[in-house]
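Undergrad: My structure is below; once you've seen it, I'll send some questions.
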Amino acid sequence: MSTETLIHPPVHDADALIADMGARARAAAKRMAVAPTAKKAEGLRAAAAELRAQAPAILDANARDMAAGEANGLTSAMLDRLRLDAGRLGAIADAVEAVAALPDPVGAEIDRATRPNGMVLSRVRVPLGVIGIIYESRPNVTADAAALGLMSGNAVILRGGSEAVHSNRAIHAALAAGLAEAGLPADAVQLVPTQDRAAVGALLRAQGLVDIIIPRGGKGLVARVQDEARVPVLAHLDGICHLYIDAAADPEQATLLAVNAKMRRTGICGATETILIDRAYSAPRAIVDALVAAGCEVRGDEAIAALSPHVTRASANDWDCEYLDAIVSIAAVDGIEGALAHIDAHSSRHTDAIVTEDAAAAERFLAEVDSAIVMHNASTQFADGGEFGLGAEIGIATGRLHARGPVALEGLTTYKWLVRGSGQTRP
């Protein structure tokens, strides 16, 4: 049997495979929903310890994925998402431990009221149930999703991309060992054992077994999930993030933020893809020069292209492009009105930021930009659950229903009403 067949074993009955996994996940979810906070935290701490203990095996598995990715021509952005080293793996383990230390949302009372007839009504948080997570490239999602799912009382079924298959399996093995040590059900975190695309279709059709699907990946993946899913979807669309440099921006701060927002890590969804500069801003050339010096390709409109020979003219498609690379589009706009209009036309509603010392302009931007995350004088690279104090994150939701922005523990719960009466009957 070839190595490729071992990595991508064919599925003779994908629906039966997912039905079995879903039934086991449903049983595990019932146990997780009532698991004490201390027991869930114990399981996560044990999982983090296993991630550290099994680091050599995990890094070896990742090296195999990286070699295959380079041979298969993965982009630099995809390779950056895939790559693990001792520091990144340590950060993954730290994130799992951080989730263990967070307040448990399950059972938390949202509100309470007493009706005129004496009935006491309350709303309390409860787990969603079984969560299917389909993702590409990022092996850290395997640990993040497991940690968040467990702490919020859910069971998760993970289906990672083929480019990270060895890394995902090694990380999952460490997580499973930690759960077993803590006495939690191993079926609370399952990894689909095949890369056969038929299994994805079966997962998307698993009504009654899977309560919600969360896709993390490119346009193709998200589009397929939204088109085929028969269960609710919590979508993370493009990260077409904007940084608007207002006329009242501090030049030193504006240049620093522009370079960091674009170049710190170009392959993440919070990387700025378009910079908008007020025509009245005093130092646009400094921003262009700093980006070029940092190794960024700059594509600009007519006004920006006139500033430097290093700028190439942007096409119409550039304003709607998530580069995930060292490329940025820059446009000159007529004040905050122009910035708001451009963002409204081209933003993916992920993260947009303003740089300004004008408090009124900042408050208007924060109020009128309709994105999941809106920032003032901060790099869009902070669009991350960990930076928001949420521990790990399962993704940035760009829609309006159920959850929005970084989705962590609270976003993986819903609520139920509890009614406590004393014999009331309805007239």
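The values are calculated or read from the model by the stated rules, or taken from the named source; none is laboratory data. Since the model is a prediction, treat every value here as computed from it, not as a measurement. With ideal geometry, Cβ positions are generated from the backbone for all residues, glycine too; neighbour counts draw on all protein chains shown. Heavy atoms of the whole protein, side chains included, go into the accessibility calculation; ligands, DNA and RNA do not. Shrake-Rupley method; radii C 1.70, N 1.55, O 1.52, S 1.80 Å.
Undergrad: Could you list, in sequence order, the residues of region 263-277 that are open to solvent by 10 Å² or more (accessible area, probe 1.4 Å) and either in contact with a Ser or Thr (Cβ under 8 Å, 6 or more places away or on another chain) or in a loop (DSSP other than H, G, I, E, B) (or both)?
TA: Here is the first cut: in region 263-277, the residues open to solvent by 10 Å² or more (accessible area, probe 1.4 Å) are 263-266, 268-269.
Once the filter is applied, which keeps residues that are open to solvent by 10 Å² or more (accessible area, probe 1.4 Å) and either in contact with a Ser or Thr (Cβ under 8 Å, 6 or more places away or on another chain) or in a loop (DSSP other than H, G, I, E, B) (or both), region 263-277 yields Arg264, Arg265, Thr266, Ile268, Cys269.
Undergrad: For the subset of region 207-223 comprising residues that are over 19 Å from the mean Cα position of the chain (by Cα) and open to solvent by 10 Å² or more (accessible area, probe 1.4 Å), which member is farthest from Arg26 (Cα to Cα)?
TA: So the residue we want is Gln207.
Undergrad: Further, regarding this structure: Would region 278-287 turn up any residue that is in contact (Cβ under 8 Å) with a residue 60 or more places away in the chain and crowded, with 19+ Cβ neighbours inside 10 Å?
TA: First, pick out the residues of region 278-287 that are in contact (Cβ under 8 Å) with a residue 60 or more places away in the chain: 278.
Pick out the ones that are also crowded, with 19+ Cβ neighbours inside 10 Å and you get 278.
Yes.
Undergrad: All but one of (1) in a loop (DSSP other than H, G, I, E, B); (2) at pLDDT 95 or above; (3) open to solvent by 40 Å² or more (accessible area, probe 1.4 Å) hold for Ser308; which doesn't?
TA: Of the numbered conditions (1) in a loop (DSSP other than H, G, I, E, B); (2) at pLDDT 95 or above; (3) open to solvent by 40 Å² or more (accessible area, probe 1.4 Å), the odd one out for Ser308 is (3).
Undergrad: Mind counting the residues in region 210-229 that are in a loop (DSSP other than H, G, I, E, B), at pLDDT below 95 and in contact with a helix residue (DSSP H, G or I) (Cβ under 7 Å, 6 or more places away or on another chain)?
TA: Narrowing region 210-229 to residues in a loop (DSSP other than H, G, I, E, B): 210-211, 217-218, 229.
Retained after the next criterion (residues that are at pLDDT below 95): 217-218, 229.
Still in the running and in contact with a helix residue (DSSP H, G or I) (Cβ under 7 Å, 6 or more places away or on another chain): 229.
Summing the residues that are in a loop (DSSP other than H, G, I, E, B), at pLDDT below 95 and in contact with a helix residue (DSSP H, G or I) (Cβ under 7 Å, 6 or more places away or on another chain) in region 210-229 gives 1.
Undergrad: Turning to a different aspect of this structure: Say we look at region 142-185 and pick out the residues that are among the small types (Gly, Ala, Ser) and without any contact (Cβ under 8 Å) to a residue 60 or more places away in the chain; which of these is nearest to Glu50 (Cα to Cα)?
TA: First, the residues of region 142-185 that are among the small types (Gly, Ala, Ser): 143, 145-147, 149, 152-153, 155, 160-162, 164, 167, 170, 173-174, 176-178, 180, 182-183.
Retained after the next criterion (residues that are without any contact (Cβ under 8 Å) to a residue 60 or more places away in the chain): 160-161, 176, 180.
On the way: Gly160: 20, Gly161: 23, Ala176: 9, Ala180: 11 Å.
Looking at residues that are among the small types (Gly, Ala, Ser) and without any contact (Cβ under 8 Å) to a residue 60 or more places away in the chain, I get Ala176.
Undergrad: Taking Ala345 as the residue in question, decide whether it is farther than 17 Å from Leu243 by Cβ and open to solvent by 30 Å² or more (accessible area, probe 1.4 Å). First the steps, then the outcome.
TA: Details: farther than 17 Å from Leu243 by Cβ: no; open to solvent by 30 Å² or more (accessible area, probe 1.4 Å): yes.
Criteria not met by Ala345.
Undergrad: Here is a further query. Need pairs with beta-carbon distance below 6 Å; first residue more than 30 Å from Leu237 (Cβ to Cβ) and within region 399-427, second surrounded by 15 or more Cβ atoms within 10 Å (Cβ to Cβ) and among the polar types (S, T, N, Q); sequence gap 6+ or separate chains.
TA: Once the first residue is more than 30 Å from Leu237 (Cβ to Cβ) and sits in region 399-427, its partners that are surrounded by 15 or more Cβ atoms within 10 Å (Cβ to Cβ) and among the polar types (S, T, N, Q) give Leu418/Ser122.
Undergrad: Next question. Please find, among Asp278, Asp334, Asp344, Asp301, the residue that is within 27 Å of Glu368 (Cα to Cα), under 25 Å from the mean Cα position of the chain (by Cα) and acidic (Asp, Glu). Show your work before the answer.
TA: Values: Asp278 fails: under 25 Å from the mean Cα position of the chain (by Cα); Asp334 fails: under 25 Å from the mean Cα position of the chain (by Cα); Asp301 fails: under 25 Å from the mean Cα position of the chain (by Cα).
Within the list Asp278, Asp334, Asp344, Asp301, the selection yields Asp344.
Undergrad: Only residues that are part of a helix (DSSP H, G or I) and surrounded by fewer than 22 Cβ atoms within 10 Å (Cβ to Cβ): list them for region 235-254, please.
TA: Pro251, Glu252, Gln253
Undergrad: For region 255-262, check the following and say yes or no: at least one residue is outside any strand (DSSP E or B), free of Cβ contacts under 8 Å to residues at least 12 places away in the same chain and not acidic (Asp, Glu). It would help to see each step written out before you state the result.
TA: Of the residues in region 255-262, the ones outside any strand (DSSP E or B) are 255-262.
Applying the additional criterion that residues be free of Cβ contacts under 8 Å to residues at least 12 places away in the same chain yields 256.
Still in the running and not acidic (Asp, Glu): 256.
Yes, there is a match, as at least one residue in region 255-262 is outside any strand (DSSP E or B), free of Cβ contacts under 8 Å to residues at least 12 places away in the same chain and not acidic (Asp, Glu).
Undergrad: Name the one entry in Thr414, Thr425 that is open to solvent by 10 Å² or more (accessible area, probe 1.4 Å) and out of contact with any strand residue (DSSP E or B) (no Cβ under 8 Å at 6 or more places or on another chain).
TA: When all the criteria are applied, what remains is Thr425.
Undergrad: Does region 350-357 include one or more residues that are open to solvent by less than 10 Å² (accessible area, probe 1.4 Å), in contact with a Phe, Trp or Tyr (Cβ under 9 Å, 6 or more places away or on another chain), more than 29 Å from Asp94 (Cβ to Cβ) and among the hydrophobic types (A, V, I, L, M, F, W, C)?
TA: Among the residues of region 350-357, at least one is open to solvent by less than 10 Å² (accessible area, probe 1.4 Å), in contact with a Phe, Trp or Tyr (Cβ under 9 Å, 6 or more places away or on another chain), more than 29 Å from Asp94 (Cβ to Cβ) and among the hydrophobic types (A, V, I, L, M, F, W, C), which makes the answer yes.
Undergrad: Still on this structure, I have one more. Assess whether Thr351 counts as being within 30 Å of Ala113 (Cα to Cα) and at pLDDT 95 or above. Outline the logic, then answer.
TA: Details: within 30 Å of Ala113 (Cα to Cα): no; at pLDDT 95 or above: yes.
So Thr351 does not fit the description; no.
Undergrad: Filter region 28-46 down to the residues that are assigned to a helix (DSSP H, G or I) and out of contact with any helix residue (DSSP H, G or I) (no Cβ under 6 Å at 6 or more places or on another chain), then identify the one that is least open to solvent (accessible area, probe 1.4 Å).
TA: Applying the first criterion (assigned to a helix (DSSP H, G or I)) to region 28-46 yields 28-33, 37-46.
Pick out the ones that are also out of contact with any helix residue (DSSP H, G or I) (no Cβ under 6 Å at 6 or more places or on another chain) and you get 29-31, 33, 37-39.
On the way: Ala29: 9, Lys30: 143, Arg31: 132, Ala33: 39, Thr37: 64, Ala38: 72, Lys39: 69 Å².
Step by step, filter region 28-46, then rank; the result is Ala29.
Undergrad: Considering only residues that are of a type in the set (Gly, Ala, Ser) and within 17 Å of Asp94 (Cβ to Cβ), look in region 386-411 and name the one that is surrounded by the fewest Cβ atoms within 10 Å (Cβ to Cβ). It would help to see each step written out before you state the result.
TA: Within region 386-411, the subset of a type in the set (Gly, Ala, Ser) is 386, 389, 391-392, 395, 397, 399, 403, 405, 408, 411.
From the residues that got through so far, the ones that are within 17 Å of Asp94 (Cβ to Cβ) too are 386, 389, 391-392, 408.
Working: Gly386: 18, Gly389: 10, Gly391: 24, Ala392: 26, Ala408: 26.
The selected residue is Gly389.
Undergrad: Only one of these conditions is not met by Ala188: (1) at pLDDT 95 or above; (2) within 20 Å of the chain's Cα centre (by Cα); (3) closer than 20 Å to Pro139 by Cβ. Which number is it?
TA: Single failed check for Ala188: (2).
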